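S.K.: Provided herewith is a single structure, encoded as structure tokens, for subsequent inquiry.
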Amino acid sequence: MKIGFIGLGNMGAPMAANLAKAGHEVAGFDTAAPTPEGVTAVASAAEAAAGADVVITMLPNGQILRAVADQVVPAMKQGAVLCDCSTVDVDSARGVAEQARTAGLGSLDAPVSGGIGGAQGGTLTFMVGGSEADFGTVGPLFDIMGQKAVHCGEAGAGQAAKICNNMILGVTMIATCEAFALADKLGLDRQKMFDVVSTSSGYSWSMNAYCPAPGVGPKSPADNDYKPGFAAELMLKDLRLSQSAADSADAETPMGALATRLYGSFVEDEGGRGRDFSAMLPHLAGKNRT
Ligand code: NAD
């Protein structure tokens, strides 16, 4: 296939490289990042989109996605599919889908889970909103960039799944960190705590796969001085997306709201910016109850 790839950052570059390695013709554009091996650098988003069967975007947020869609949609050939893999708000995802539909194009919102390691290894999970036909067109590309693609429903359903998943992640990470901080104060060894909880009803991905305590459980950013991994400010971005979606859908999400507030002060006032989101553990462990 002929593919246009826009946004060649931490995630986009390895995803585009994997498509090129699999034999697809990939034209890439980014305003700052270098072009990975195997991908042809072009001078604009519109140039990347021209003549492509599928255009993939991997951009920082919904505002930038909308601006890029304004350039890309008029340049795409009829029947081609615009597939956004960024994490953005549901309203932007639906807006871009409508813009594409009006122009005679297909579109998918297809955010990912699995981080930079998953992008490099081609093991991402895609959660996808859009039509069955467009999902079928892009499916072979999801198979190269990832190990699983779930068709979640119509436009916006992929972003809805992503922000619900990450709201759970933010809440369980804080719960896991505060349990370790409490265990410390109760004199309970962290390794013993892991041994019990990881095989008991308090287990979660945050405890079992991404343990926030250094030297405990499988290797995680905690073992690398909390260098991200998944930065606290990206967790905050996703939690804020969950809360604006909850506001517009009139949904009650008290734990999501509290997690948003806690990551907000961690990132903005308490030194969390640039650290992994699991650094909530040393932050809480260093505090006394006020
Ligand atoms: P990044 O900042 O490394 O990459 C974004 C790229 O977009 C940058 O290279 C930037 O120069 C480029 N860009 C910005 N404006 C542009 C424009 N107008 N035209 C072309 N390029 C432009 O971010 P990332 O870590 O690759 O994340 C990308 C998306 O994936 C985000 O929405 C993020 O939330 C999501 N995501 C990230 C991870 C992760 O672990 N990093 C995991 C899952 C999802």
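The values are calculated or read from the model by the stated rules, or taken from the named source; none is laboratory data. Since the structure is predicted, the reported quantities are computational estimates derived from the model, not experimental observations. FYI the Cβ positions are ideal-geometry reconstructions off the backbone, even for glycines, and counts take in every protein chain you see.
S.K.: So residue 117 ticks every box in (1) within 11 Å of the ligand (Cβ to nearest atom); (2) touching a residue at least 24 places away in the same chain (Cβ under 8 Å); (3) more than 23 Å from residue 248 (Cβ to Cβ) but one. Which box is left unticked?
M.R.: (2)
S.K.: Can you find, within region 189-208, the residue that is nearest to residue 170 (Cα to Cα) among those that are free of Cβ contacts under 8 Å to residues at least 24 places away in the same chain and assigned to a helix (DSSP H, G or I)?
M.R.: Here the answer is 208.
S.K.: Suppose the filter is within 15 Å of the ligand (Cβ to nearest atom), modelled with pLDDT under 95 and surrounded by fewer than 24 Cβ atoms within 10 Å (Cβ to Cβ); does residue 36 pass it?
M.R.: no
S.K.: Please enumerate the residues belonging to region 212-233 that are within 24 Å of residue 112 (Cβ to Cβ) and in contact (Cβ under 8 Å) with a residue 60 or more places away in the chain.
M.R.: Scanning region 212-233 gives 212, 229, 230.
S.K.: Do we have residue 220 as of a type in the set (S, T, N, Q), closer than 24 Å to residue 285 by Cβ and buried (at least 18 other Cβ atoms within 10 Å of the Cβ) here?
M.R.: yes
Rundown of residues vs (1) within 23 Å of residue 8 (Cβ to Cβ); (2) within 16 Å of the ligand (Cβ to nearest atom); (3) charged (D, E, K, R); (4) buried (at least 24 other Cβ atoms within 10 Å of the Cβ), yes/no style:
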residue	(1), (2), (3), (4)
73	yes, yes, no, no
79	no, no, no, no
89	yes, yes, yes, no
104	no, no, no, no
124	yes, yes, no, yes
133	no, no, no, no
143	yes, no, yes, no
146	yes, yes, no, no
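S.K.: Name every residue in region 118-158 that is among the hydrophobic types (A, V, I, L, M, F, W, C), part of a strand (DSSP E or B) and within 22 Å of residue 231 (Cβ to Cβ), in order of residue number.
M.R.: 124, 126, 127
S.K.: So, one more: Within region 16-33, track down each residue that is crowded, with 24+ Cβ neighbours inside 10 Å and either within 9 Å of the ligand (Cβ to nearest atom) or among the β-branched types (Val, Ile, Thr) (or both).
M.R.: The answer is 26, 29.
S.K.: Only one of 161, 245 is assigned to a helix (DSSP H, G or I), modelled with pLDDT under 95 and either under 22 Å from the mean Cα position of the chain (by Cα) or hydroxyl-bearing (Ser, Thr, Tyr) (or both); which?
M.R.: Criteria check complete, one pass: 245.
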